[in-house]
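Trainee: Quick one: the structure is below, questions incoming.
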Amino acid sequence: MQSVTALPGFERLLEVCQGRAHPLKLEPPLSSGGPVEPSVAGQPMDPQLAALYARAGLLWVRDEFYLFPVRHEQRPDLHRVNAHWRKDWVAPFGSLLVFAKDDRLAYCYATVPSLADARGVQPVVWVDVYEALYAVPVASCVDHFFTTYARYLEDAPKPSADEEDAPPRRRTFPWNASEAIARDTELVRRVQAGHFDFLMKESARAREWVETWAGRL
């Protein structure tokens with residue numbers, strides 16, 4: 001069984017961005033930082049997320065998403081964002097652990113501590129905060145989120161010579177990533193078992209979309 005702290009999906013995302021010349025910024029952890037704290041605003045830290053923070057102080061994929069730094073004096077950081085999140089949102093959404101944000105809009109990515117497996121590994125959801133709050137499952141774990149995002153970027157059309165200096169044609173994750181998400185068999189199993197229903201009940205659009213790739217009847 002693969003170690004929970006191995007991050008092949010993260011490595012794959014870096015390779016895909018490099019191969020496609022997709023702008024990416026990756027910074028090492030702050031040299032003064034000690035071990036990653038075991039909890040964030042009262043919720044247990046996912047072990048794969050902790051492994052990622054042990055290797056990266058900043059991760060930014062242009063036009064896609066960025067990872068909140070663990071702690072930062074000037075930028076929104078993991079601990080402050082989640083402390084505010086607990087105050088702003090009621091259950092069950094207040095119990096999510098938000099770790100990343102869309103690069104352009106307010107959509108967030110979060111792990112679900114209440115759905116952690118026996119190893120403490122938590123699935124990942126995409127959260128819409130604009131209307132009736134809801135979340136949709138996108139990965140069975142943090143590293144598979146990176147695997148899925150790498151596949152999504154690989155499938156994106158490359159700009160033509162005439163389009164190289166133009167703004168990128170905006171595809172949206174997760175809505176345009178159904179095929180990549182559905183390759184996560186553990187996630188599909190959990191969706192079919194109804195594990196994420198409590199996060200989708202406020203959005204018919206979310207439920208219908210998940211049914212299209214999870215094969216749930």
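The values are calculated or read from the model by the stated rules, or taken from the named source; none is laboratory data. Quantities reported herein were computed from a predicted structural model and do not represent experimental measurements. Here the Cβ positions follow ideal geometry from the backbone for every residue, glycine too, while neighbour counts run over all protein chains shown. When the accessible area is computed, the model is the full protein with side chains, heavy atoms only, and any ligands, DNA or RNA have been set aside. Shrake-Rupley method; radii C 1.70, N 1.55, O 1.52, S 1.80 Å.
Trainee: Quick check on this structure: which one of 81, 121 is at pLDDT 95 or above and in contact with a strand residue (DSSP E or B) (Cβ under 6 Å, 6 or more places away or on another chain)?
Mentor: Exactly one residue qualifies, and that residue is 81.
Trainee: I'd like the full set of residues that are open to solvent by less than 40 Å² (accessible area, probe 1.4 Å) and part of a loop (DSSP other than H, G, I, E, B), limited to the range 71-81.
Mentor: At the first step, the residues of the range 71-81 found to be open to solvent by less than 40 Å² (accessible area, probe 1.4 Å) are 77-79, 81.
Of everything in the range 71-81, just one residue is open to solvent by less than 40 Å² (accessible area, probe 1.4 Å) and part of a loop (DSSP other than H, G, I, E, B), namely 77.
Each row is one residue, and each column tells you yes or no for (1) out of contact with any Leu (no Cβ under 8 Å at 6 or more places or on another chain); (2) of a type in the set (Phe, Trp, Tyr).
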| residue | (1), (2) |
| --- | --- |
| 15 | yes, no |
| 21 | yes, no |
| 27 | no, no |
| 65 | yes, yes |
| 68 | no, yes |
| 75 | yes, no |
| 94 | yes, no |
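Trainee: Looking only at the range 70-80, decide whether some residue is touching a residue at least 12 places away in the same chain (Cβ under 8 Å) and of a type in the set (A, V, I, L, M).
Mentor: Yes, that holds for at least one residue.
Trainee: Only one of (1) within 19 Å of residue 143 (Cα to Cα); (2) touching a residue at least 60 places away in the same chain (Cβ under 8 Å); (3) part of a loop (DSSP other than H, G, I, E, B) fails for residue 63. Which number is that?
Mentor: The number of the failed condition is (1).
Trainee: Additional query: If you go through the range 106-121 one residue at a time, how many are outside any strand (DSSP E or B), out of contact with any Cys (no Cβ under 7 Å at 6 or more places or on another chain) and in contact (Cβ under 8 Å) with a residue 12 or more places away in the chain?
Mentor: Result for the range 106-121: 9.
Trainee: Among (1) crowded, with 17+ Cβ neighbours inside 10 Å; (2) modelled with pLDDT under 95, which single condition is residue 13 missing?
Mentor: (2)
Trainee: Taking only pairs six or more apart or across chains, which ones have beta-carbon atoms under 9 Å, a first residue in the range 186-207 that is of a type in the set (Ser, Thr, Tyr), and a second residue that is loosely packed, with under 13 Cβ neighbours inside 10 Å?
Mentor: Close Cβ pairs satisfying both conditions: 203/131; 203/132.
Trainee: Take the residues of the range 36-55 that are under 15 Å from the mean Cα position of the chain (by Cα) and not in a helix (DSSP H, G or I): which is surrounded by the fewest Cβ atoms within 10 Å (Cβ to Cβ)?
Mentor: Ranking the qualifying residues of the range 36-55, first place goes to 45.
Trainee: Would you pick out the residues in the range 82-104 that are hydrophobic (A, V, I, L, M, F, W, C), outside any helix (DSSP H, G or I) and open to solvent by less than 50 Å² (accessible area, probe 1.4 Å)?
Mentor: Selection gives 96, 97, 98, 99, 100.
Trainee: Still on this model: Which residue, of 189, 205, is at pLDDT 95 or above, outside any loop (DSSP other than H, G, I, E, B) and surrounded by fewer than 19 Cβ atoms within 10 Å (Cβ to Cβ)?
Mentor: Sole residue among the options that is at pLDDT 95 or above, outside any loop (DSSP other than H, G, I, E, B) and surrounded by fewer than 19 Cβ atoms within 10 Å (Cβ to Cβ): 189.
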